[in-house]
Amino acid sequence: NEANIKKNKLIYKARYRLGSKNNPIPPYPLLARKKGWQGTVLLLVSVNEDGTVKNVRIEKSTGFEILDKASLQTIKKWFFIPAKKGKKNIKDKIIIPVRFTLN
């Protein structure tokens, strides 16, 4: 059946819920808060078939190493809803923006 063949090839990207137990928000370092440092870091995350993180690298820095490191350390410990091809879990890469803003 052709419909089943097409259905089995559907690809779903890895997903996450920011602020959930599995995907906590990176802490805003006190030093960065005191100095007024803000920015958005873009992280490229390689996700394994089981939803664990294989690798994280900075695609675009905030310009502040302390903010970038806080993001990297937190995201490395995240668990994702794995990507799927049909019913099979597959590896995936996803870009995650992490914003540090002061009110």
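The values are calculated or read from the model by the stated rules, or taken from the named source; none is laboratory data. Being a predicted model, the structure only gives us computed values, none of them experimental. In this analysis, Cβ positions are derived from the backbone assuming ideal geometry, glycine residues included, and neighbour counts consider all displayed protein chains. All accessible areas refer to the heavy atoms of the entire protein, side chains included, with ligands and DNA or RNA removed. Shrake-Rupley method; radii C 1.70, N 1.55, O 1.52, S 1.80 Å.
Filtering segment 15-60 down to residues that are open to solvent by 30 Å² or more (accessible area, probe 1.4 Å) and small (G, A, S), which residue is modelled with the highest pLDDT? Only one residue fits best here, namely G36. Scan segment 70-91 for residues that are within 16 Å of the chain's Cα centre (by Cα) and open to solvent by 100 Å² or more (accessible area, probe 1.4 Å) and jot them down. Correct list: Q73, K76, K77, F79, K91. With respect to (1) touching a residue at least 60 places away in the same chain (Cβ under 8 Å); (2) exposed (fewer than 11 other Cβ atoms within 10 Å of the Cβ); (3) under 15 Å from the mean Cα position of the chain (by Cα), the lone exception for I95 is condition (1). Residues that are touching a Ser or Thr at 6+ places or on another chain (Cβ under 9 Å), under 30 Å from G36 (Cβ atoms) and not in a strand (DSSP E or B) within segment 78-103 comprise W78, T101, listed in sequence order.
Evaluate the following for N8: is it at pLDDT 95 or above and surrounded by 11 or more Cβ atoms within 10 Å (Cβ to Cβ)? So N8 fails the test.
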